[in-house]
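What follows is a single structure, written as structure tokens, with notes after it.
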Amino acid sequence: MTKSELIEKLAEKLIHIPAKDVESAIKEILEMMAQSLSKGERIEIRGFGSFSLHYRAPRTGRNPKTGEAVELSGKYVPHFKPGKELRERVNASLA
Amino acid sequence: MALTKAEVAEHLYEKVGLSKRDAKDMVEIFFEEIRETLEKGQQVKLSGFGNFDLREKSERPGRNPKTGEDIPISARKVVTFRPGQKLKSRVEDGNGQ
């Protein structure tokens, strides 16, 4: 499912809200989440999961084309940990 | 402080002009729709943010950390999140840590 399909789905479920408001709302939600992480702030959505940042230590990498060594500085990467409800529901199809 | 559903709903009320009730429903249904899609075994791709994928894990040996007893960890399906390039660079450039 893509973002535009998600927008369509939600617009069908929330028929009393104008479709363009559904679209702006979804974009705002994602933008807010991205902004929160870029400020170094966690996201905690009960039953869904939490997003946090994981630190990657500086390392010496290589340019795959030239083989030349490059110093890469430490950085943060987004990490998602599924919540209990999501884990259980996804797994239920196997049980 | 962590971002929560309540804060997201408040923002939708202020910025998009949804009623407080619609804003709350919107946030709830947004995450529920993603859960339902993953539950059906389908991937969710949110451009500019990232993809939620499913991975099948086969059974592996495990142990009860309390008792030390060996118990196999059953085969399972798990959700993984792969941040998109745009989110990754925004986070890298952020200086909030």
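The values are calculated or read from the model by the stated rules, or taken from the named source; none is laboratory data. Bear in mind the structure is a predicted one, so any value in this text is a computation, not a measurement. We place every Cβ from the backbone using ideal geometry, glycine too, and count neighbours over all the protein chains shown. With ligands, DNA and RNA removed, areas are computed over all heavy atoms of the protein, side chains included. Shrake-Rupley method; radii C 1.70, N 1.55, O 1.52, S 1.80 Å.
Just a few scattered comments:
- Over chain B, Cα pairs under 8 Å with separation of 6+ residues give a relative contact order of 19 percent.
- Put simply, the amide H of B:Leu46, placed in the peptide plane, has neighbours under 5 Å in B:Asn51, B:Phe52, leaving out anything fewer than 5 places away on its chain.
- When you filter the trypsin sites (Lys or Arg not before Pro) in chain A for DSSP loop state and at most 11 other Cβ atoms inside 10 Å of their Cβ, you are left with A:Lys65.
- Stretching the chain fully between A:His79 and A:His54 yields a gain of 8.4 nm (0.36 nm per residue, less the alpha carbon separation).
- Remark on A:Gly49: its backbone amide H falls under 5 Å from those of A:Gly83, a criterion applied only to residues 5 or more positions apart or on other chains, H modelled at 1.01 Å from N.
- Computed with a 1.4 Å probe over protein heavy atoms only, the accessible surface of the protein assembly as shown comes to 61 Å² per residue.
- Between B:Glu10 and B:Ser47, the C-beta separation translates, for a Förster distance of 30 Å, into a calculated FRET efficiency of about 0.75.
- For chain A: relative contact order, % (alpha-carbon pairs under 8 angstrom, 6 or more apart): 20 percent
- Net charge of neighbours whose Cβ lies under 10 Å from the Cβ of B:Glu92, counting Lys and Arg as +1 and Asp and Glu as -1: +3
- Restricting the GluC sites (Glu not before Pro) of the stretch A:65-95 to loop positions (DSSP other than H, G, I, E, B) with no more than 12 neighbouring Cβ atoms within 10 Å leaves A:Glu68.
- J(HN,Hα) series, the stretch A:71-86, from Karplus relation 6.51 cos²θ - 1.76 cosθ + 1.60, nearest Hz, glycine and proline x: 7, 9, 7, x, 8, 9, 10, x, 9, 10, 10, x, x, 4, 4, 4
- Note on the stretch B:1-42: the alpha carbon radius of gyration divided by the globular reference 2.2 N^0.38 Å gives 1.31.
- Solvent-free Debye scattering, log10 I(q)/I(0), computed from the Cα coordinates of chain B at q = 0.16 Å⁻¹: -0.94
- DSSP-loop GluC sites (Glu not before Pro) across chain B, with at most 12 other Cβ within 10 angstrom: B:Glu59, B:Glu69
- Of the solvent-accessible surface of the protein assembly as shown, computed with a 1.4 Å probe and all protein chains present, 48% belongs to carbon and sulfur.
- Each helix, a run of at least 4 DSSP H residues, gives -39500 (n - 2.57); summed and divided by the residues of the protein assembly as shown, these come to -13500 deg cm²/dmol at 222 nm.
- Under 5 Å, built H, 5+ apart or other chain: amide partners of B:Lys57: B:Arg76, B:Lys77, B:Val78
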